[in-house]
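Report on the structure given below.
The values are calculated or read from the model by the stated rules, or taken from the named source; none is laboratory data. Remember, it's a predicted structure, so these values are computed and weren't measured experimentally. Note: ideal-geometry Cβ built from the backbone for every residue, glycine included; neighbour counts use all protein chains shown.
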Amino acid sequence: MDPLPAHTPHPSTAPAPAAGGTSVGAPVPAGAGTLLRLTLAKEGHHYVFTYEPGRELDVLTHLVTIVQDPGSGLDWYDAAVLAHQMGAQMTAQLERLASELSPPARKAQP
């Protein structure tokens, strides 16, 4: 699944952006799996990237292409903010997996 073109504002049901103008989108249920979402609010536009886990490199490559287009409305700072969101999502996924795979902690014997 290709990410949505970020230079096209897209209406979204994502939570309202935080004070910094961005929100980290929660995983979006999909028919066959989970989709991830990155969002950015800028100058009255809401940019949304929806992608499957494992397609992070494709999203980053797409962001580079968009940022290099002077008419896109996005700049390198915006790309860095979106990449940071992606990193936060990946960290959360790894922490969830680690907690699911870790055996429960045993209480120390007195």
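Looking at (1) modelled with pLDDT of 90 or more; (2) of a type in the set (Gly, Ala, Ser); (3) not in a helix (DSSP H, G or I), which is the only condition ALA16 fails? ALA16 satisfies every listed condition except (1).
HIS46 meets the conditions (1) in contact (Cβ under 8 Å) with a residue 40 or more places away in the chain; (2) over 11 Å from the mean Cα position of the chain (by Cα) in every case but one. The failed one is (1).
One residue is enough: does region 57-71 have a residue meeting the conditions at pLDDT 90 or above and of a type in the set (Asp, Glu)?
Going residue by residue through region 57-71, those that are at pLDDT 90 or above are 57-71.
Checking which are of a type in the set (Asp, Glu) leaves us with 58, 69.
Within region 57-71 (the criterion being at pLDDT 90 or above and of a type in the set (Asp, Glu)), the answer is yes, since at least one residue qualifies.
Entry remark, region 47-84: residues being more than 30 Å from LEU97 (Cβ to Cβ) and in contact with a Ser or Thr (Cβ under 8 Å, 6 or more places away or on another chain) number 1 in total. Here is the figure for region 72-89: residues that are outside any helix (DSSP H, G or I) and in contact (Cβ under 8 Å) with a residue 60 or more places away in the chain total 3.
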